[in-house]
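First up is the structure itself, then whatever we jot down about it.
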């Protein structure tokens, strides 16, 4: 009599969940509901305590990643996600902004899919849209701006930094505080006028949010007094509105 093979242990489900730009009440209704059901939440450095209060029942694991600071390596985060999926029924990877926008979702999806783990993605409000709302500056404007590009100067290890910038009407630089001088210089070199409007948002949507307005030529002096997460927006659509 032959014995039946042992049944493969069923793994849990992982959700890559967008926390939004910072304010807890900007998470989606679906995102808040799933957080309240999670068994474990692996969260980024930009996720606030108010956001984590939405999942009091869950085990919470900090896997914070901040540009230029010591943080959890992505390979370790991938491993933790796989381990949690083999232990818990519902695992949430809580990411600031949207998981699919500079959130290293591809690397986490690869690691989970390689193990046959079910993955769902729940979008969040990305910082660029929240920044446009906070500053009351549309990213597009009829007759002025019909194209928008999101970019970052951060690169993967071993990859050269991109020296040319997108040729769009409105440019949005994520994690742009430290690169402000270089970005401004490159845009001027590519033919953008020194008078090009620039809006800088620090700690977007949070209680300590700051909105700064420059011209491109002024930005070449840098952003020395910005310490929180910074998003920089460039374009004619960002000019202050004029009234008759």
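Derivation of every value follows stated rules applied to the coordinates shown; laboratory data play no part. Computed from a predicted model, the values in this text were never measured in an experiment. All Cβ positions, glycine included, derive from the backbone under ideal geometry; neighbour counts span all protein chains shown.
Just a few scattered comments:
- In the chain, the longest principal axis of the Cα atoms and the axis of helix 105-114 are about 20 degrees apart.
- With each label modelled as a point 7 angstrom along the Cα→C-beta vector, the residue 152-residue 118 pair spans 3.0 nm.
- Per-residue ellipticity at 222 nm computed for the chain from its helices equals -6000 deg cm²/dmol, with DSSP H segments shorter than 4 residues left out and the rest contributing -39,500 (n - 2.57).
- Using C-alpha pairs below 8 Å separated by at least 6 residues, the relative contact order for the chain is 20 percent.
- Site pair residue 181 and residue 224 shows an inter-label distance of 1.0 nm when each label is modelled 7 Å from Cα along Cα→Cβ.
- Taking only the alpha carbons of region 13-122, we obtain Rg and Dmax values of 12.6, 34 Å in that order.
- Between 0 and 90°, nearest 10: helix 180-189 axis offset from the chain longest Cα axis: 60 degrees
- Principal axis extents of the Cα atoms in the chain, from largest to smallest and rounded to whole angstrom, are 87, 38, 34.
- Between helix 74-85 and the chain there is an angle of about 40 degrees, using the helix long axis and the longest principal axis of the Cα atoms.
- Build a GNM of the chain with springs between Cα atoms under 10 Å apart, and of 224, 38, 131 the one that fluctuates most is 224.
- For a modelled paramagnetic label at residue 164, 7 Å from Cα along Cα-to-Cβ, the residues of region 184-217 in reach, with backbone nitrogen under 12 Å, are 190.
- Percentage, to the nearest whole number, of Cα pairs in region 127-238 over 20 Å apart: 36 percent
- The stretch between residue 195 and residue 59, if pulled fully straight at 0.36 nm per residue, gains 44.0 nm over its current Cα-Cα span.
- Highest mean packing first, where packing is the average number of other Cβ atoms within 10 Å per residue, the peptides 40-50, 191-201 line up as 40-50, 191-201.
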